[in-house]
Amino acid sequence: MSEPLVLGIESSCDETSVGIVRGEHLLANEVASSVELHARFGGVVPEVASRAHLEAIGPTLRRAIETADIDLSELDAVSVTAGPGLMGSLVVGVAAAKALAACLNKPLYGLNHLVGHVAVDLLDHPDDEPARPIAKPCLALLVSGGHTQLLKVDDITGGITEVGTTIDDAAGEAYDKVARLLGLPYPGGPVIDKAAQQGDPKAIRFPRGLTAGHDMVKHRFDFSFSGLKTAVARWVETRRLSGEEVPLNDVAASFQEAVADVITAKAVAAAQFHGITHMIIGGGVAANSRLRGLLAARTASAGIELRRPRPALCTDNGAMIACLGAQVVKAGLAPSGLTIAANSGLPVETVVLPPAA
């Protein structure tokens, strides 16, 4: 039996993306970002994002079909991000996927955005080599603008357990807010990462959230970056009020070190606690150079095998949804059907939306 040919649509935030895969082989991954539209606001504006998706979904779909060099009639299934994400953005992708599946008379799968970030690792291999299977179990570390989570993955198609999560600001959100107070452009992640490489990460000892003794009892594997963001703001404000120059590169490096230190320490500790020896990192912030480097060093020291998809596959993309779709097709799971609805708060344990009653 040939590998399933699946098209995936991703529109959970500010990227409109269509990916096409055959099994674990990537044929196309077209992305249209609306980040420039949000830059002047310093963050994603939901209404602006959803309107951008409406304009981009058609051209992005056509580019993906051309790149993959397929006919839509060849598809075995259509998959789409059903949640979590911004409701207006999700609705655009789900509506487009429904229309496509209905016109082609193909099964439709509504999938979990977060699990897609784990599944995309299967695509990160040379075209002439088979995919490396995902270890069972493995620990997935997802770090993005909206999520900072640790997931225990026993089965990519339906065995996901949340081990830890952020209780306030996600890491990517903290990057954007710190960039704004430093007068740096949006999105904050890449610009702070670049500035940090010219600074001293030990210059300022910013707090490590949820690492105190009492926090480790209730939130051992959870994350908090709101306090860190406030600490940076107060440090910068104090410096400015005293008339002193703000050492931007040192602030960026010290802030980034605090984020990477907490995330990597808790990820390794969670893997050791659960007896897991394989880890996957995903999400937009997973492209951060310090996070990738420190996590590689700490996992190696702990005897944990780390898999880091290339940065282009870490950010939101249709390929990850197509890849997850191919896995659920191969597993024989029932399609979601044409009556499903987007769910902005879809729990990570729900990998595939069941058919609506």
If you count only protein heavy atoms and use a 1.4 Å probe, how large is the accessible surface of His214, to the nearest 10 Å²? 140 Å²
For the range 39-53, 3J(HN,Hα) per residue [Karplus equation, 6.51 cos²θ - 1.76 cosθ + 1.60, θ = phi - 60°, Hz, x = Gly/Pro]: 4, 6, 9, x, x, 6, 9, x, 5, 5, 5, 5, 5, 5, 4
Debye intensity ratio in log₁₀ form over the Cα atoms of the range 225-342, taken at each q of 0.13, 0.16 Å⁻¹: -0.74, -0.93
Cα Rg, Dmax, the range 93-208, angstrom units: 19.1, 60
Under 20 °C and 1.002 mPa s, how fast does the range 172-294 diffuse according to Stokes-Einstein, given a Kirkwood radius computed over C-alpha pairs? Answer in µm²/s, whole number. 142 µm²/s
Can you check what the net charge comes to around Pro247, using other residues whose Cβ is under 10 Å from the Cβ of Pro247 (Lys, Arg +1; Asp, Glu -1)? -3
Here D for the range 1-84, in µm²/s, from Stokes-Einstein with a Kirkwood Rh over Cα pairs at 10 °C and 1.306 mPa s, works out to 117 µm²/s
Across 10 Å bins from the origin, how do the percents of Cα pairs in the chain run, short distances first? 6, 26, 32, 24, 10, 2, 0, 0
Relative contact order for the chain using alpha-carbon pairs under 8 Å, separation at least 6, rounded to a whole percent? 26 percent
Hey, how many Å between the Cα centroid of the range 99-164 and the Cα centroid of the range 30-54? 24 Å
Rg (one decimal) and Dmax (whole number) from the Cα set of the range 227-279, in Å, equal 16.3, 52
Per-residue ³J(HN,Hα) for the range 287-294, Karplus 6.51 cos²θ - 1.76 cosθ + 1.60, θ = phi - 60°, Hz, x for Gly and Pro: 7, 5, 5, 5, 4, 5, x, 5
Tell me, what HN-Hα J-couplings in whole Hz come from the Karplus equation 6.51 cos²θ - 1.76 cosθ + 1.60 at θ = phi - 60° for each residue of the range 85-95, using x for Gly and Pro? x, 6, 4, x, 5, 4, 4, 5, x, 5, 5
For Lys194, Lys202, the accessible-area ranking with a 1.4 Å probe, largest leading, is Lys202, Lys194
For every helix of n ≥ 4 consecutive DSSP H residues, a contribution of -39,500 (n - 2.57) applies; sum these over the chain, divide by its total residues, and give [θ] at 222 nm rounded to the nearest 500 deg cm²/dmol. -13500 deg cm²/dmol
In Å, what Rg and Dmax follow from the Cα atoms of the range 58-154? 15.6, 39
Which pairs in the list Lys177/Lys218; Lys152/Lys177; Lys177/Lys266; Lys136/Lys177; Lys136/Lys330; Lys194/Lys218 are over 25 Å apart, alpha-carbon to alpha-carbon? Lys177/Lys218; Lys152/Lys177; Lys136/Lys177; Lys194/Lys218
Histogram of C-alpha separations across the range 181-227, 5 Å bin width, %: 5, 17, 16, 21, 17, 12, 10, 2
From largest to smallest, what semi-axes in whole angstrom does the range 45-100 give when each is the square root of 5 times an eigenvalue of its alpha carbon gyration tensor? 23, 13, 8
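The values are calculated or read from the model by the stated rules, or taken from the named source; none is laboratory data. These numbers come from a predicted model, not from an experiment. Don't worry about glycine lacking a Cβ; one is built from the backbone with ideal geometry, like all the others, and counts go over all protein chains shown. When the accessible area is computed, the model is the full protein with side chains, heavy atoms only, and any ligands, DNA or RNA have been set aside. Shrake-Rupley method; radii C 1.70, N 1.55, O 1.52, S 1.80 Å.
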